[in-house]
1. Tell me the net charge near residue 92. Cut-off is 14 Å between Cβ atoms, residue 92 excluded, with +1 for each Lys or Arg and -1 for each Asp or Glu.
2. Choose one of 67, 93, 44: the residue whose Cα lies farthest towards the positive end of the charge dipole of region 16-102 (beta-carbon charges +1 Lys, Arg; -1 Asp, Glu; about the Cα centre).
3. Helix-only mean residue ellipticity at 222 nm, the chain, DSSP H runs n ≥ 4 weighted -39,500 (n - 2.57), per residue, nearest 500. What is it?
4. Please work out how much length the chain gains when fully extended from residue 63 to residue 21, using 0.36 nm per residue of separation minus the C-alpha to C-alpha distance, in nm with one decimal.
5. Skipping prolines and chain starts, which residues have an amide H placed within reach, meaning under 5 Å, of the one on residue 102, given they are 5 or more residues away or on another chain?
6. Give, rounded to the nearest 20 debye, the magnitude of the charge dipole that region 80-166 has about its Cα centre when Lys and Arg contribute +1 at Cβ and Asp and Glu contribute -1 at Cβ.
7. Taking H as built 1.01 Å from N, whose amide H comes closer than 5 Å to the amide H of residue 243, not counting residues under 5 places away?
8. So how strong a dipole does region 182-248 carry about its Cα centre when Lys and Arg Cβ are +1 and Asp and Glu Cβ are -1, to the nearest 20 debye?
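The values are calculated or read from the model by the stated rules, or taken from the named source; none is laboratory data. Values in this document were obtained by computation on a predicted structure and should not be read as measured data. Positions of Cβ are generated from backbone atoms using ideal geometry, with glycine treated the same way; all protein chains shown enter the neighbour counts. Areas reflect the complete protein model, heavy atoms only, side chains present, ligands, DNA and RNA absent. Shrake-Rupley method; radii C 1.70, N 1.55, O 1.52, S 1.80 Å.
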Amino acid sequence: MFDSLSDRLGGVFDRLRGRGALTEADVRTAMREVRVALLEADVALPVARSFVEKITEQAIGQNVLRSVTPGQQVVKIVHDGLIDMLGSDTAELEIDVTPPAVIMMVGLQGSGKTTTTAKIARLLKKQGKKVMMASLDVNRPAAQEQLAVLGTQIEVVTLPIVAGQQPVDIGRRALQSAKLQGFDVVMLDTAGRLHVDQALMDEMKAVADIARPQETLLVVDSLTGQDAVNVASSFSEQVALTGVVLTRMDGDARGGAALSMRAVTGKPIKFAGMGEKLDQIEPFHPKRVAGRILG
Ligand code: GDP
């Protein structure tokens, strides 16, 4: 991930650093190249545009051009801009409430939502929390069973399946049962969908209304590039997201989804899925990622 973006930006910056003095025109040319590199990496157009406008202004102002090392300074401005775009600090789950805290997982089918639910449950269990998972996916055959199987693997309780029960009722039952049995966290794995679908959006909103989740995490597949951005924007219009999980960061995505997510949803990327195994998830570190992009 980010390899080709990193190469492209590396080339732009080598040319900048190679010159002692920089003119405003040099900076503008370099920034146009940065814009093209971002677009080629699948960064959403409005995001790339506003990023480049902002950093161009900074790079031309602030006495940067009159400094002894203008090239270096411009690179630093781009670096800081990238961190800003990715969301400065690592964003933690905010589930410090009177238990049970509720984490609602949303996203398209196949994004890795169910796997991610189990991955996060495993992390929370390792932190000493008593976690319950419940699948509210009554659309996809065997979705509830899939979560139960993952629960067995990571030794996390799943809500017993009651055939025919509808999502809002499953959600209510999960909360009740978690309260009664003293669970710290309930994770609700909502129905996946093949595309953004209003009936399922309404179902998700109805679940959110009764469960009042502390965290609503959108799971998106980083390999889907521009589509991931469209999905994120549709979901964030419908439900109050608190964060994003990008899956398949182990794949060869060009990075556009990661770079656009915060601007599109206004929420931080909280985790990165790094593989199929249930321990392959990492907190998302904006600074590290920005460092990797700029090499
Ligand atoms: P859901 O339909 O969104 O619930 O998707 P699943 O959780 O069933 O995942 C779909 C497929 O993606 C499964 O084969 C997962 O093992 C795989 N998967 C999930 N997350 C990741 C990830 O971060 N990296 C990779 N390589 N595969 C993943």
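1. Numbers: positive: 129, 267, 270; negative: 89, 94, 96, 215, 282.
Around residue 92, the surrounding residues sum to -2.
2. Result: 67.
3. That comes out to -16500 deg cm²/dmol.
4. 13.9 nm
5. Hits under the 5 Å cutoff: 186, 214, 215.
6. Values: 8 positive and 9 negative charges, 101 e Å.
Its charge dipole is roughly 480 debye.
7. Residues meeting the amide H criterion: 216, 218.
8. 80
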